[in-house]
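Let me begin by presenting the structure, written as C-alpha cells, before commenting on it.
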Amino acid sequence: MVSGGGFPEYQVKAEMLFRIAEFVDWPSGTFSRQDKPFVIGIAGKDPFGPYLTGKAKTQKIHGACVEIRAFDPEAASGSFHLVFISEHERERVPLLLKKIARLPILSVSDGEGFSHDGVHIGFLTVDERIRFNINLSTATQSGFVVPANLLRLAARVYRGDGT
Amino acid sequence: MMSRLRTLSVAAQVTLVILGVTFFALACYFSLATVIDDRHARETLRSQALMLARIAAEYNVSELAFGYGPEARANLDKLFLLPEIESAQIYDSAGRLFASRTRQGIHPTPCQEKISPDQEQTVILSAGYLEIFQPMIFREQRYGTLRLSASTAAFQALFDARLRALLLCLVLVLVLVIPIAVIVQRWISRPIHDLIGKVQAIAGGDLTIRAEVGEAGGEVASLCTSVNLMADALERRIREVEEARKLLQLVSDHIPAGVFWKDRNSVYVWANRLFAEVAGIGEPKNIAGKTDDDLPWKKEQIGFYRDYDRRVMETGKAELSVIEPLRRADGADIWLDTRKVPLHDAEGRVIGVLGSFIDVTDRIRLEEQLRHSEKMKAIGQLAGGVAHDFNNQLGGILGSAELLLLKLSDPTLRSYAEGIKTACLRSSSLIKQLLAFARKSDVLSAPVNMHQLLVEAAGLLQHSIDRRITVVQNLEAPDPTVMGDSGQLQNALLNLAINARDAMPDGGTLTFATRLFNIEKPTSSDELAPGRYLEILASDTGHGMTREVQSRLFEPFFTTKEAGKGTGLGLAAVYGTVKSHGGIIDVQSEVGRGTTFRILLPLASGLKTDTAGPNVEIAEIPVKAAQGHVLLVDDEEVVRIASRQMLEFLGYRVTVCSEGQEALACFEKSPSEFDLVILDLMMPRMSGSEVFEAIRRLRPETKVLVVSGFNSQSAAASLQSKWGVKFLGKPFLLNELRQTLEELLRLPEVPDAFPQGMPLQSLSPT
C-alpha cells in the first residue's frame with residue numbers, strides 16, 4: 001500500500017509514518033482529551049512537502065486530528081506526539097534525544113544508523129524497498145508499547161543488549 | 001419374488017438371508033457414518049477455516065498496512081499447512097487484490113481482482129467448496145479483506161475410501177457366506193434331506209424304513225418322530241387294507257357267483273376266480289385293463305353287455321335279475337342271472353359298475369322243459385277233446401255210409417258212399433294219431449321185443465320207400481324187451497321212418513340202432529328215474545332241421561311239409577307214445593348233416609314178449625243175420641242213429657237210450673231181456689262206468705261192449721281178458737261191430753268176474 005515502487009519516496013514514508021503512529025501504543029492517558037490533536041513535529045527541513053500536510057487534514061491518528069508543526073526543541077516539547085528527524089539533522093540527534101528523553105514522543109528518523117543511536121524508529125532502504133529499524137529498548141524506556149506485528153516488519157530491532 | 005424364494009433350497013435361502021442382512025447392516029452403518037462424518041467434517045472445516053481466516057487476517061493486517069507484499073504472500077503460503085485450504089487472497093481497503101496464493105498442484109483458478117471494499121465476513125459452503133471473506137481490521141480500522149477457499153475434496157476422498165471399504169466388506173461377506181452356507185446346509189438342511197430321502201422311500205413302498213431321531217431334539221427331531229408315526233400308521237393301515245383285500249378275494253373266490261367290476265368306460269378293473277374261469281383268463285388279476293372285446297363272448301352278447309353297463313351307469317340305478325346268455329371260454333353256452341349295481345365315488349358320481357352273476361342254465365333248461373311239457377299237456381287235452389267228439393261224429397258218418405252201401409245197388413251211388421266211407425276211415429286214422437299224442441289211448445301193457453318191431457318196420461320199409469334209401473340196423477342191446485303197446489310202438493317207429501324218408505328226397509341212409517342205457521343217479525335235466533333203459537336211435541342223413549323247427553317238432557299239426565303231404569301229427573303221436581310208455585324222446589339235428597331221434601324206454605327184463613300183434617284180420621261181413629236184444633246207450637244222436645241202424649241191419653233187436661239214467665231204468669224193468677249192452681263211456685250226468693257198475697249190480701252176467709271216442713287198443717285187450725268186457729273204439733266199421741258182438745256173445749257168462757268197487761277207471765279220460 002505504501003511500499004509501491006511507483007510512488008515518490010516521501011509519500012511512501014509519509015504513509016508509513018501514519019501507519020507506525022497508528023500501530024504504536026502511547027502510554028495510557030495520552031489521548032484522553034479528544035479535542036487535543038495528534039501533533040507531528042518535523043525536525044529540520046520538511047522533506048514531505050504538502051503531501052503530509054494534506055494527509056494530516058484527512059486522516060486521524062488514535063482518533064485525534066493530526067497537526068504538522070516544525071519541531072522546536074526549545075519550545076514546549078511536551079505538546080508533540082511524534083517527531084520526524086530529517087536526514088540532515090544527524091548532528092543534532094543526540095541533543096534532540098536528550099530533550100525528548102523520558103517524554104512520550106515517538107522519534108522517527110530518516111537515515112540509517114539513527115535508531116542504533118537511540119532514535120525509536122529509523123527508515124532505511126533495503127533492496128529498493130523502504131523499511132525501518134526499531135530501537136525497542138529506547139522505545140520501551142519512553143513508555144511506548146510496540147506491537148509484535150510491527151516488530152515483525154522491522155528490518156532490525158535493537159533491544160538494548162546491542163541486538 | 002417371495003414364492004420364487006420359497007422354491008429355493010434351505011441352504012440357498014439361508015445364504016441369501018445372510019447376504020441380505022449383512023448388506024443391509026453394512027449399508028446402514030456406512031450411510032449413517034457418512035452422513036454424520038460429512039456433517040462433522042464440514043462443520044470442522046468451516047470452523048477451522050474461519051478460525052484460520054481470522055488469525056490470518058489479524059496476522060497479515062500489518063503486512064497489508066505497510067504494503068509488505070512478499071511477506072504477506074509468504075504468510076499466505078503457511079495457510080496451506082491445513083490440507084483443505086486451496087487458495088488465499090488479500091484485498092486492500094479499496095478492494096484491490098494485494099496478495100494471492102494458490103496451493104501447489106492445484107490448477108489456479110482465476111481469482112477476483114477486485115471485491116467490494118465493504119465485504120462483510122462471509123462463509124459460503126457449497127457442494128465441494130468453502131469460501132470465506134474475512135475483514136482485516138486493526139485498531140478498529142479496516143485495512144482490507146482476506147479471502148480463503150477450501151475444498152471438501154479431502155473428506156470426499158475419505159467417503160470414497162469408505163465406499164470402497166463397504167464394497168470390499170461385501171465381497172468378503174460373499175466369500176464368507178459360502179462356507180457359512182455349507183455349514184448351515186450341514187447343520188440344518190442335511191437332516192431334512194436325509195428325512196426327505198426316507199419319506200420318498202416310504203412313499204415308494206418300503207414301509208420298514210424309519211427316520212433316526214436326533215437326541216438333541218428340536219424341530220427336525222420332532223419332524224422325524226412325526227414321520228415315523230405316520231409310517232407306522234401307514235403300515236398298519238396298508239396291512240389292514242391288504243388283509244381286507246385278501247379276505248374280499250377269498251370270499252369272492254369261494255362264492256358260487258361270478259363277480260367283477262368295470263370302470264366308467266366298461267374296462268374291467270377286478271374279477272373273482274369264478275369269473276376268470278368262465279372268461280378263461282387264468283388268474284383273476286389278468287382281468288385288469290381288459291374289455292368285453294378281449295373276452296370269448298359272442299359279438300351280439302358283447303353289445304348287450306355294453307348296453308346293460310351304460311344303462312346302469314346313466315340311470316345310476318341297479319338292475320337285478322337280468323337273464324342273459326353267455327358263451328364260456330370252453331365254448332359252452334350258459335345262461336346267467338346277472339345283477340349290475342352302479343359304483344359311486346365320494347361325490348356321488350358314477351365311476352363304474354359292479355356286476356355279479358350266477359349260472360342258471362339248469363334252471364332255465366328245467367323251466368324250458370316244464371314249459372314244453374305243460375304246452376304238450378295242454379295241446380294233448382285239447383286234441384283229446386276234439387278227437388273224442390270228432391270220433392263220435394265219424395262213427396255216425398261211417399255207420400251211415402256203410403248202411404247206405406248195403407242198400408245201394410247203383411254203382412255211381414255206391415261209389416259216392418264208398419267215398420264217404422274212405423274219407424271217414426282216413427279221418428279216423430288221423431284222430432288215432434292225435435289221440436296217441438294226447439295219450440288218451442291207453443297203453444296196452446305187455447312185454448314187447450323192440451328188436452322184433454324194428455326188424456318188422458325195416459322189412460316193411462324196404463318195400464315201401466325210395467330204393468335210394470338204405471336202411472341199416474345196428475341192434476346192439478342185449479335185452480330189447482320193454483313193457484308197452486306193440487302196435488303204438490310200431491306206429492311210432494314207422495312214423496320216425498317216414499319222417500326220415502321225407503328228409504332224404506335224394507336218398508341216403510336210415511339207421512336204426514339200439515343199446516343199453518343206464519341212468520345211475522337222478523339228474524335234474526332228465527325226467528327219468530335211475531334204472532336200465534333201452535336206447536333206440538333213428539338217424540338219417542337228410543337235410544336236417546333248424547333250432548326253431550326242433551323246438552316245435554313234437555307239436556301237433558306242426559309240419560314243414562307241403563300242404564296235403566303231411567298232417568303234422570306223426571311226430572306228435574310218437575311223442576305221446578313214448579311218454580305214455582314212460583320214456584323220453586329227444587332230437588339232435590344239424591342243417592345239411594342229418595337228424596337223429598333218440599328214444600329211451602324203460603327195460604322190462606325177464607318178461608316174455610307178446611309176439612302176437614293186436615291186429616286181427618277182420619272177416620268179411622256174414623250173410624247170416626244175428627239174434628239178440630241189444631241195449632244201446634249213447635249220448636250222441638248221430639252215433640245212436642247209425643249204430644242202431646247197423647245193429648238192426650245185423651239182425652239185432654235194439655233198444656236205444658240217450659243217457660245213463662234212462663238206460664238203467666230201462667234195464668231195471670227186465671234185466672234178463674237184454675243179451676248185450678253197448679255202452680258209451682263219455683256221457684253227461686251219469687258216466688259210462690257208473691252205468692256199467694249199476695248194470696253189473698243188477699245182473700252181473702250181462703255182457704257189455706264199451707265204445708269210446710278215446711280209441712284204446714290196450715284198454716280193449718285188458719277189458720276183454722279180465723272182465724269179459726269188450727271195447728270198440730269209435731268210429732267202427734260194420735264188420736268190426738259184427739265181429740266184436742259175435743265174439744262177446746260167444747263168451748261164457750261169468751257172473752262174479754268183476755269185483756265190486758273196481759270201476760272202469762282205466763278207461764276214464766285222465
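The residue that is modelled with the highest pLDDT, among those in region B:362-401 that are farther than 16 Å from B:P556 by Cα and among the β-branched types (V, I, T), is B:I397. Residues that are open to solvent by less than 60 Å² (accessible area, probe 1.4 Å) and not aliphatic (A, V, I, L, M) within region B:299-327 comprise B:Q301, B:G303, B:Y305, B:Y308, B:D309, B:G316, B:E319, B:E324, B:P325, listed in sequence order.
Does A:V24 satisfy the condition of being in contact with a Ser or Thr (Cβ under 7 Å, 6 or more places away or on another chain), open to solvent by less than 10 Å² (accessible area, probe 1.4 Å), among the hydrophobic types (A, V, I, L, M, F, W, C) and closer than 30 Å to A:E128 by Cβ? No; evaluated as a whole, the condition is false for this residue.
Would you check which residues across region B:35-56 are away from chain A (no Cβ under 14 Å), under 21 Å from A:R152 (Cα atoms) and surrounded by 18 or more Cβ atoms within 10 Å (Cβ to Cβ) and list them? Passing the criteria: B:L52, B:A53.
Each residue in region B:211-221 was checked for being loosely packed, with under 15 Cβ neighbours inside 10 Å and not in a helix (DSSP H, G or I), and 5 of them qualify.
Considered as a group, the residues in region B:57-92 that are part of a loop (DSSP other than H, G, I, E, B) and at the interface with chain A (Cβ under 8 Å from one of its Cβ atoms) include one that is surrounded by the most Cβ atoms within 10 Å (Cβ to Cβ), and that residue is B:F66. In summary, B:G105 fulfils each of the numbered conditions (1) in a loop (DSSP other than H, G, I, E, B); (2) touching a strand residue (DSSP E or B) at 6+ places or on another chain (Cβ under 7 Å); (3) modelled with pLDDT under 85 with the single exception of condition (2). Right, B:G592: assigned to a loop (DSSP other than H, G, I, E, B) and at pLDDT 85 or above or not? Yes.
Within region A:132-159, how many residues turn out to be within 13 Å of chain B (Cβ to nearest Cβ) and touching a helix residue (DSSP H, G or I) at 6+ places or on another chain (Cβ under 8 Å)? Qualifying residue count for the region: 9. In this structure, B:I202 does satisfy being open to solvent by less than 80 Å² (accessible area, probe 1.4 Å) and in a helix (DSSP H, G or I). Restricting attention to region B:139-180, the residues being open to solvent by 30 Å² or more (accessible area, probe 1.4 Å) and farther than 22 Å from B:S31 by Cα number 9. Looking only at residues in region A:23-65 that are among the hydrophobic types (A, V, I, L, M, F, W, C) and in a helix (DSSP H, G or I), the one that is nearest to A:N149 (Cα to Cα) is A:F23. If you go through region A:12-26 one residue at a time, do you hit one that is out of contact with any helix residue (DSSP H, G or I) (no Cβ under 7 Å at 6 or more places or on another chain) and away from chain B (no Cβ under 14 Å)? So far as region A:12-26 goes, no, none of its residues is out of contact with any helix residue (DSSP H, G or I) (no Cβ under 7 Å at 6 or more places or on another chain) and away from chain B (no Cβ under 14 Å). If you check B:R653, B:R685 for being touching a strand residue (DSSP E or B) at 6+ places or on another chain (Cβ under 8 Å) and among the basic types (K, R), only one passes: B:R653.
Can you report the number of residues in region B:222-237 which are surrounded by 13 or more Cβ atoms within 10 Å (Cβ to Cβ) and farther than 21 Å from B:I192 by Cβ? The qualifying residues number 1. B:S189 meets the stated requirement of being touching a residue at least 24 places away in the same chain (Cβ under 8 Å), part of a helix (DSSP H, G or I) and open to solvent by less than 40 Å² (accessible area, probe 1.4 Å).
The values are calculated or read from the model by the stated rules, or taken from the named source; none is laboratory data. Remember, it's a predicted structure, so these values are computed and weren't measured experimentally. Every residue, glycine as well, gets a Cβ built from its backbone with ideal geometry; the counts of neighbours run over all protein chains shown. What goes into the accessible areas is simple: the full protein's heavy atoms, side chains included, and nothing from ligands, DNA or RNA. Shrake-Rupley method; radii C 1.70, N 1.55, O 1.52, S 1.80 Å.
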